[in-house]
Amino acid sequence: MTVKKAIKILNYFIEQKNNHLASLSELEKSFSTKDTVELTDQLRKNLDSELTILGMIQTQLLPKCRHPKKFQDRMKNGTLYCMNCNMDL
């Protein structure tokens, strides 16, 4: 798996988790009993920590490379990429 594909999958997963967190917050507002509110609060906290961890993974995957001209090359199919960080440009 290339880094580009891993980043796409990670971005999709983060987006889905954000949607799940938003729907859980809506569900929490509709509950009236204390037990269910505590349950949804705990689930929300868990999702929030998952999103924090996923964000940290994403920052590690995304290179801080500026893709200098001397490290740019073309593959056989014509795609430009950086030899320093291995990202497609």
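Derivation of every value follows stated rules applied to the coordinates shown; laboratory data play no part. Small disclaimer: the values here were computed from a predicted structure and weren't measured. Virtual Cβ from ideal backbone geometry, glycine too; neighbours counted across all protein chains shown.
For K76, a cut-off of 19 angstrom between C-alpha atoms picks up these lysines, skipping any fewer than 8 places away in its own chain: K4. Taking the chain as a Gaussian network, where each spring joins two C-alpha atoms under 10 Å apart, which residue of T52, T79, T40 fluctuates the most? Among T52, T79, T40, the largest mean-square fluctuation in the Gaussian network model of the chain belongs to T79. Ignoring the sites themselves, the chain has its longest run without trypsin sites (Lys or Arg not before Pro) in a DSSP loop having at most 16 other Cβ atoms within 10 Å at 1-63. Around the Cα centre of the chain, unit charges on the Cβ atoms of Lys, Arg, Asp and Glu (plus for the first two, minus for the last two) sum to a dipole of about 860 debye. Look at the dipole of region 9-79 built from charges on Cβ: of L62, A22, M75, the Cα furthest out on the positive end belongs to M75.
Taking a ≥ b ≥ c as the square roots of the eigenvalues of the alpha carbon gyration tensor, the chain is prolate, as a/c is not under 1.5 and a/b beats b/c.
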